[in-house]
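Derivation of every value follows stated rules applied to the coordinates shown; laboratory data play no part. None of these values were measured; they are calculated from a predicted model. Here the Cβ positions follow ideal geometry from the backbone for every residue, glycine too, while neighbour counts run over all protein chains shown.
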Amino acid sequence: MRHGLLLSGLIFLGSLLVLLFVRRLFFGFIKKSSHDYAVMLLRVLRLPSLFWAIVISLYLTVELSPRQLLGYSSVVEKVLISLLILSITSFFSNLLPELLQVYISKTNLKFPRTGIVFVIIKLFVYILGIITILSYLGIQVAHFITTLGIAGLAVSLALQGILSNIFSGLNLIASRQIEVGDFVKLENGEEGYVEDITWMNTVIRRRDNNLVVVPNSRLVNSIVVNYKKPTPSMNITVSIVIPYSSDLEKVERLTLEVAREVQRTVEGADPSFEPPVRYSAFTELGITLNTTLRVLNPDSQFLIRHEFIKRLKKTYEREGIAFIQPSAQPFRNA
């Protein structure tokens, strides 16, 4: 009996030392790599690998020890295997979110700060682990899976609106058509900078510094103008009406001079852009003249329009040219 206990102790100690030595060699190999995935794997494996070494050593002890020492060896074996499966489940539930976070950091995705996706991943992995343990123990899992499916369907129906916003938020993030920092205009006329994209809502900061909170599902199903894509620069058109008695050649020349001066000298204008000046229509009051200017970002459009109208009025007054009812409207490049 004493010799049997001694043999079991030696088996456990020997197998544990061997496994710890292998663990140390493996970690030493990983430490030589500076890759983000290697660092992440080392962090996730450190504690579970120690637990695996102990459980595997106990399992080998049960298998190789004399049977008279362990009358309940089959029960002990099942418990150890179940613990091993549970620990592997815990490992993967921590590994997958870590992999997702590394991928997000490498691809510069503007991922929401809320961790609901990581919770869902962990929950899914644990459900798979529990099903595996039940199958190993010989417990029928068909009813469990059926019950789980019915419960999931009931929850999805009850939380239909919430889930719709969540998946719409994931769609916004994955498509990158709208990102944090973009200047957008909504279908209802609201416009501003995208402050945050959460699982439920997209937060937009208007120019008056107030926030507009839009449910993701509504944003996905509406028409949105993104002034920052494909580039943050945009064109604005300033329209004026010139009386029929005006010298159109002179008006065109002076307007072009003012537009070029604004493009070169005003901060926020694109100095490399050549502004076109075009007559576009006959009206009851006169002839419509359109001048196109380009700004480097949406916020600059107001200053550029302001400076152009102010300088144009001063030039027209100096040259004795009249104009009627100036107006302006921004538009995107074709």
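Some values worked out for this structure:
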{"read-out": "Where labels lie 7 Å past Cα in the beta-carbon direction, separation of Ile139 and Lys310 in nm", "value": "7.7"}
{"read-out": "R0 of 25 Å, Cβ-Cβ distance Val18-Val79: FRET efficiency to nearest 0.05", "value": "0.65"}
{"read-out": "Loop sites in segment 228-334: trypsin sites (Lys or Arg not before Pro), DSSP, at most 15 other Cβ within 10 Å", "value": "Arg332"}
{"read-out": "Nearby lysines by direct alpha-carbon distance to Lys32 (threshold 29 angstrom, same-chain neighbours under 8 apart not counted)", "value": "Lys106"}
{"read-out": "Zone residues, segment 211-230, relative to Phe167, backbone N less than 16 Å from point 7 Å out along Cα-to-Cβ", "value": "216-221"}
{"read-out": "Under-5 Å amide H pairs with Lys228, H placed in peptide plane, nonlocal only", "value": "Phe183"}
{"read-out": "³J(HN,Hα), Karplus 6.51/-1.76/1.60, whole Hz, each residue of segment 56-63, x for Gly, Pro", "value": "5, 5, 5, 5, 5, 5, 5, 6"}
{"read-out": "Using a Förster distance of 35 Å, the FRET efficiency for Asp196-Lys31 (Cβ separation, nearest 0.05)", "value": "0.40"}
{"read-out": "Segment 215-331 - charge dipole about Cα centre, Lys and Arg +1 at Cβ, Asp and Glu -1, debye rounded to 20", "value": "360"}
{"read-out": "Cα-based reach from Lys314 at 20 Å (exclusive), listing lysines while leaving out same-chain residues under 8 positions away", "value": "Lys250"}
{"read-out": "Computed FRET value (nearest 0.05) for Leu42 with Ser245, which takes r as the C-beta separation and R₀ as 56 Å", "value": "0.10"}
{"read-out": "Pair Asn188, Asn221: separation of 7 Å Cα→Cβ label points (nm)", "value": "1.4"}
{"read-out": "Cleavage-rule hits, chymotrypsin sites (Phe, Trp or Tyr not before Pro), segment 229-334, DSSP coil, Cβ neighbours within 10 Å at most 16", "value": "Tyr244"}
